[in-house]
Amino acid sequence: MVKLLSLLIVCVFLEGATLETGKCDEISNTCAVITCGSRSSNAMPGRDGRDGKEGPKGEKGDRGVQGTRGIQGPPGKLGPPGDKGEQGNIGQKGEQGRSATSEVEVVKDQLKNLENEVNKLQNTFHKYNKILLFHGGKQTGEKVFVTNGLEETFESAQKTCKEAGGNLPTPKNAAENTAVQEILHTKGDTTKAYLGITDKHVEGIFKYIAGDKISFTNWNLGEPNNNKEEDCVEIQDNGKWNDIPCSLLRLVICEFQ
């Protein structure tokens, strides 16, 4: 028994030894558990030997069948920030809103333009006044009196003046009455002209054609006498007024202002 144990110990620690009938064989630098000497059914089993050397690598096998997709896993960690993108083009600058000051400037410009237009009209008016005066017209204050040299009835004379942009004369003071009288003198001593005065609205009450009450008169003595439906008024070469029928022919004198 002692001899058997000794042989087992020797086989474990010694490499390169072989046993034949009482010796141990070497297998991969280890000793196999072998019965040394006579075999006995009562002998103890030997220890497991060491793992052998790794064999050569085998060929790569075929790819297996893809398995079913698993459930989605939890979201991963936030990744690093990406690169900064390129800056977009700067848009065009919008028009600046009008301030209160600019609005005032606009109104001032408009008023200035309007003033220029008024000045042009005034210059034109003065120009035509000069033309009228050159052709025998008379001016007093803001009024200009002129004649076309024709004789017409009251209604016709009134229409002629309106179409020209004026009215029949309506002297409202002595100066205006004298201006009309001077035009009569250029046409002869017995020439007479209609005034823009009538009592057609209310019999016996003479008013301007527009309906206003007259503010100045220069009646002849005993006039107006309203004989034979004398609803219109004439001015004579002496500057005096007389009521006459509206159907008579009289010199057309128009008033402009």
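Accessible area per residue for region 132-194, computed on protein heavy atoms with a 1.4 Å probe, is 52 Å². The chymotrypsin sites (Phe, Trp or Tyr not before Pro) of region 201-257 meeting both criteria, a DSSP state outside H, G, I, E and B (loop) and at most 12 other C-beta atoms within 10 angstrom of the site's C-beta, are PHE216. Taking a straight Cα-Cα cut-off under 27 Å and skipping sequence neighbours fewer than 8 places away in the same chain, the lysines within cross-link reach of LYS93 are LYS84. Listed values for region 242-253 are Karplus-derived 3J(HN,Hα) couplings in whole Hz (6.51 cos²θ - 1.76 cosθ + 1.60, θ = phi - 60°), namely 8, 7, 9, x, 6, 8, 6, 8, 9, 4, 8, 10, and x replaces Gly and Pro. Computed with a 1.4 Å probe on the full set of protein chains, the accessible area for ASP62 sits at about 150 Å². For region 147-247, the Stokes-Einstein estimate of translational diffusion at 25 °C and a viscosity of 0.890 mPa s comes to 179 µm²/s, using the Kirkwood hydrodynamic radius over alpha-carbon pairs. For LYS172, go through the lysines and keep the ones whose alpha-carbon is under 22 Å away, minus same-chain ones fewer than eight residues off. Qualifying lysines at Cα under 22 Å: LYS138, LYS143, LYS159, LYS162, LYS192, LYS200, LYS207, LYS213, LYS240. Taken one residue at a time, the phi angles of region 109-120 give Karplus couplings (6.51, -1.76, 1.60, θ = phi - 60°) of 5, 5, 5, 5, 5, 5, 4, 5, 5, 5, 4, 4 Hz. Gly and Pro are set to x.
Rolling a 1.4 Å probe across the protein heavy atoms gives region 198-257 an accessible surface of 53 Å² per residue.
The values are calculated or read from the model by the stated rules, or taken from the named source; none is laboratory data. Given the structure is predicted, the values throughout are model-derived calculations rather than measurements. Here Cβ is always computed from backbone atoms with ideal geometry, including for glycine, and neighbour counts include all displayed protein chains. Surface accessibility is based on the protein's heavy atoms, side chains included, excluding ligands, DNA and RNA. Shrake-Rupley method; radii C 1.70, N 1.55, O 1.52, S 1.80 Å.
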